[in-house]
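The values are calculated or read from the model by the stated rules, or taken from the named source; none is laboratory data. Not measured: the values here are computed from a predicted model. Positions of Cβ are backbone-derived with ideal geometry, glycine not excepted, and every protein chain shown enters the neighbour counts. For accessibility, only protein heavy atoms count, side chains too; no ligands or nucleic acids. Shrake-Rupley method; radii C 1.70, N 1.55, O 1.52, S 1.80 Å.
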Amino acid sequence: MTPLDLAGYLIAGLMTAVAVWRMPAALWGDEEDKRRRALWGCYAGFAAALWTKTRVVRIGLNDSPVTDLSVLIKHYTATVAILAILSYIVAIYGQYPDAGDIPRHVRFARTIQQVAAKASVATLVLLTVLFFTVVDRSVPSDRFVSDHAGQWGATLYMSVFYLYLGAASAVCAYQWALATAGARLRHLRVGLGMMTFAMFIGVGYTVSRTLFLWVSVIDRPSPAFALEFDEVTEGAQLVLFAFFAVGASIPAFSTGGRRVKLWRAQSRLHALWHELMTAFPDQPFEPPRSLRRELTRFDTPADLRIDRWAADIADAVEKLRHYVPDGLLPAAEAAAAADTPDPARSGPLADAYWIKAALTARNAGAPAGPAAAVGTQHATDQDGEVAWLVQVAAAYRTITDDRARHVLASLTDLEKTA
């Protein structure tokens with residue numbers, strides 16, 4: 001196995017991994033994710049095309065009853081992938097009202113939308129006709145371009161495909177270069193820049209191969225030179241797909257990192273939220289479920305679930321205020337101060353003591369009354385509130401029922417003393 005063959009397997013595996021990774025968001029995500037189905041279709045199509053280029057698959061298909069079948073399948077899947085990515089570009093960059101000043105790249109995207117599907121169908125039909133009529137397939141080939149160099153039928157066939165591929169690469173390079181220049185986030189700018197670079201390689205790849213094939217018709221090269229040119233340009237295409245796969249994944253890594261943080265926050269908040277929602281079953285939109293079920297749900301985005309949980313916990317605390325006296329707040333703060341001298345830890349611990357003791361009182365049958373005092377708001381935005389609640393939930397798990405009852409008992413002792 002040559003280094004080029006090994007690189008082919010690695011890049012095919014990389015593109016397949018990206019397609020598998022992005023599949024859940026494309027199929028089961030929210031409306032914004034569903035628009036990215038086209039981009040996922042591009043990953044899946046190019047992954048299939050790359051596997052047909054690997055040595056074992058390529059030789060197996062080329063030696064089948066349909067000679068050089070891998071070439072036709074590769075071009076079918078690549079054409080579908082190109083149509084998918086053009087559709088994605090239109091969906092992302094064509095979202096402007098019809099009235100008013102429309103940017104030039106948006107008008108360009110809409111023009112592409114009008115011709116892309118028809119051009120793809122025409123390309124597939126023409127490739128099929130040429131493949132079975134003018135391409136010399138009397139002997140199975142290993143490297144299609146170098147083995148057919150100098151043959152006008154194969155040159156015409158490949159020129160049709162390269163025209164479609166090169167035009168699509170130029171469109172992507174143009175749109176992504178504009179998007180790179182306008183990107184404010186660093187990770188988005190880097191990812192788009194890598195994808196733009198990949199498309200410029202694609203333009204150079206198609207132009208160089210098309211010129212080579214037509215020059216070869218006039219002056220047939222030696223087999224050694226043809227093979228060397230084929231391998232060099234093939235290596236450039238593998239570099240193209242590496243930059244494309246990594247560049248397309250960089251922005252998603254940022255989104256994925258946020259989702260991991262949200263899942264981690266869910267796992268830490270779940271015990272507190274579940275216990276409060278069990279006490280107030282009419283509070284949540286749906287009955288509380290196990291942590292495993294909550295983490296594997298795809299019907300609601302994780303950030304929306306976290307926001308709901310934070311609101312549910314806040315509403316439950318508001319209801320608990322009616323089952324305890326005002327003195328619970330200083331008692332909870334005193335209990336927290338006795339447990340830790342660290343102010344950063346005593347704040348969340350005091351809130352946890354208050355919730356645990358109030359819930360204990362309510363479950364023990366305390367009558368409802370006026371709203372008691374509660375701790376002040378510790379955050380100015382939703383992310384800050386969630387971060388605070390995560391600390392409260394962590395402290396809540398350390399408080400035993402006996403300790404909560406002890407805090408309530410201290411209130412009774414104070415009332416008797418008073």
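Spatially close Lys pairs in the chain, defined by Cα atoms under 27 Å apart and a spacing of eight or more places or different chains, total 10.
Length gain on complete extension for the stretch L291 to E228, per 0.36 nm per residue less the alpha carbon to alpha carbon distance?
17.0 nm
Extent along the principal axes, Cα only, for region 178-220: 50, 14, 6 Å, with the longest axis given first. For the chain, the share of accessible area belonging to carbon and sulfur comes to 63 percent (1.4 Å probe, ligands and nucleic acids excluded). For the Cα atoms of the chain, what angle does the longest principal axis make with the long axis of helix 343-363, in degrees from 0 to 90, nearest 10? Tilt relative to the chain: about 70 degrees.
If you sort W40, W273, W152 by accessible surface, 1.4 Å probe, largest first, the order is W152, W40, W273.
Can you tell me the accessible area per residue over region 113-221, all protein chains present, probe 1.4 angstrom, in square angstrom?
Solvent-accessible surface per residue comes out at 49 Å².
Classify region 162-250: rounded, prolate or oblate, from the alpha-carbon gyration tensor (a ≥ b ≥ c, eigenvalue square roots; a/c under 1.5 rounded; otherwise prolate if a/b is larger than b/c)? Note, shape of region 162-250 comes out prolate. You can think of it this way: the chain between E318 and R345 has 7.4 nm of extra reach, that is 0.36 nm per residue less the Cα-Cα gap. Judged by the mean number of other Cβ atoms found within 10 Å, the most tightly packed of the peptides 225-237, 201-213 leads the ranking 201-213, 225-237.
Sorting the segments 10-16, 337-343 by their mean number of nearby beta carbons within 10 angstrom, highest to lowest, gives 10-16, 337-343.
Taking the Kirkwood radius as Rh and the Cα radius of gyration as Rg, region 201-353 has a ratio of Rg/Rh equal to 1.43. A 1.4 Å probe over all protein chains sorts V390, V260 by accessible area into V260, V390, starting with the largest. With contacts taken as Cα pairs under 8 Å and at least 6 residues apart, the chain reaches a relative contact order of 12 percent. The angle separating the long axis of helix 186-218 from the principal Cα axis of greatest extent in the chain is about 10 degrees.
As I understand it, the value is the acute angle between the Cα axis of helix 302-320 and the longest principal axis of the Cα atoms of the chain; what does it come to in degrees, rounded to 10? With both axes taken from Cα atoms, the answer is about 10 degrees. Other residues whose C-beta falls under 14 angstrom from the C-beta of G202 contribute a net charge of 0, scoring Lys and Arg +1 and Asp and Glu -1.
Each Cα pair of region 317-377 feeds into the Kirkwood radius, which the Stokes-Einstein equation turns, at 25 °C and 0.890 mPa s, into a diffusion coefficient of 212 µm²/s.
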